[in-house]
Amino acid sequence: MKIVYSDRHRSHDPQTFIHRGSLVKSPERPERADILLSSAVAAGHEAIEANRTGGLALTRVHTARYLDFLENGINEWIALPNAGPEIVPNTHPNRFASHYASHIIARAGFHQADTACPVGRGTWAAARSSVDIALNVGDLIARGQRHAYGLCRPPGHHACTEMAWGFCYLNNVAVLAESMRMSGAERVAILDIDIHHGNGTQQIFYERPDVLTVSVHADPDRFPVFFSGYADEFGSGAGEGFNVNLPLEHGSDDAAFVDAIAAGMRKVEDFGPDVLLIALGLDAYRGDPLSVFEVTTNGFRQAAETIGAFNEPIAILQEGGYPCPELGENLVAFLDAIDG
Ligand SMILES: [Zn+2]
């Protein structure tokens, strides 16, 4: 399979992550992409460096004030007296808020959902290159590849129209879906198999009938992102019926994971999309530092066989999956099985 990557992700190396009250090293670090790329290349997949892309689809998915915050906010931040090197919010608009304020501290609170998405000097360049990777994968599909993979880093599926969240800044899979719609695909389906709910992707397309969003993930009642991902979220307005959440119990094994993916694929087949986009998290793995599932390498292989039976083109974009000895092996098992 052709795999698209970029070295520009390295400029994003987040130093701040507050976990249960302690400042710890973010698991979303450059090493992740190194492991994934070297494993895929060693397994014989063809690596292609991403070209720069235009930003039209990006501006249709994310708001102008949010893109400006991500690109330029750091300059305002580091000019503050005693500022740290990364934008980390310490105040958030809560449900009683009434205004968008102009101060960079207020904008940080407005646009960053949590402390897992600090914005440093190199964050914009890396996030933008991650979108380039997604759009380059779309180009490969448009030129006739049946399957293609994008090694997106940072990941994207938690990013909302104007909010960074959970290691994500720009929603790569949403931008690719929008770009494919703009270039003629009538219907696009997104299947997200990261262990966390694809909440940003859901929010972006929640009122639209042209992009089906399906997410298989751990029950959010006791797991991030907590506030969405429940089975009763179906979409709204014209989008009603075009959002599907398949939450699974913590401790779920290969059989439960693959069954849910098969159920998701039946929704995809019913929808009849021109193209299927896979938001591929590998954090359902039982050895992942964040995982609460018992999915094995063979589970990813079976999941990919189930997905790979689909008859239309499949674009796969990387989401989560954190450093552990089997991270690369899990990616290779998935990609090989997609190709059959
Ligand atoms: Zn995840």
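The values are calculated or read from the model by the stated rules, or taken from the named source; none is laboratory data. Computed from a predicted model, the values in this text were never measured in an experiment. FYI the Cβ positions are ideal-geometry reconstructions off the backbone, even for glycines, and counts take in every protein chain you see.
Taking every residue in segment 306-322 that is within 17 Å of Ala260 (Cβ to Cβ) and pairing it with any residue that is at pLDDT below 95 and more than 15 Å from the ligand (Cβ to nearest atom), at least 6 positions away or on another chain, the pairs with Cβ-Cβ distances below 8 Å are Gly308/Asp339; Gly308/Gly340. Inclusion of Ile316 among residues that are within 22 Å of Arg187 (Cα to Cα) and either part of a helix (DSSP H, G or I) or within 13 Å of the ligand (Cβ to nearest atom) (or both) is not warranted. Cβ separations smaller than 7 Å between residues 6+ apart or across chains give the following pairs from segment 265-284 residues that are touching a residue at least 12 places away in the same chain (Cβ under 8 Å) and more than 29 Å from Phe223 (Cα to Cα) to residues that are assigned to a helix (DSSP H, G or I) and not small (Gly, Ala, Ser): Val275/Ile141; Val275/Met180. Among the residues of segment 250-281, those identified as in contact with a strand residue (DSSP E or B) (Cβ under 8 Å, 6 or more places away or on another chain), of a type in the set (Asp, Glu) and surrounded by fewer than 19 Cβ atoms within 10 Å (Cβ to Cβ) are Asp253, Asp274. I'd like to check something: does segment 291-310 contain any residue that is modelled with pLDDT of 95 or more, part of a strand (DSSP E or B) and away from the ligand (no atom under 16 Å from the Cβ)? Within segment 291-310, not a single residue is modelled with pLDDT of 95 or more, part of a strand (DSSP E or B) and away from the ligand (no atom under 16 Å from the Cβ). In a residue-by-residue description of segment 122-137, the property of being of a type outside the set (S, T, N, Q), free of Cβ contacts under 8 Å to residues at least 24 places away in the same chain and under 21 Å from Ile307 (Cβ atoms) applies to no position.
For segment 105-122, a residue qualifies if it is surrounded by fewer than 21 Cβ atoms within 10 Å (Cβ to Cβ) and of a type outside the set (S, T, N, Q), and the qualifying residues are Ile105, Ala106, Gly109, Asp114, Arg121, Gly122. Condition check: buried (at least 19 other Cβ atoms within 10 Å of the Cβ), among the aliphatic types (A, V, I, L, M) and either within 22 Å of Gly320 (Cβ to Cβ) or touching a Cys at 6+ places or on another chain (Cβ under 7 Å) (or both). Does Ala50 satisfy that? Judged against the criteria, Ala50 is a match. Considering only residues in segment 194-214 that are touching a residue at least 60 places away in the same chain (Cβ under 8 Å) and away from the ligand (no atom under 11 Å from the Cβ), the one that is surrounded by the most Cβ atoms within 10 Å (Cβ to Cβ) turns out to be Thr201. For Met180, the conditions (1) touching a strand residue (DSSP E or B) at 6+ places or on another chain (Cβ under 6 Å); (2) within 16 Å of the ligand (Cβ to nearest atom); (3) not small (Gly, Ala, Ser) all hold with the exception of (2).
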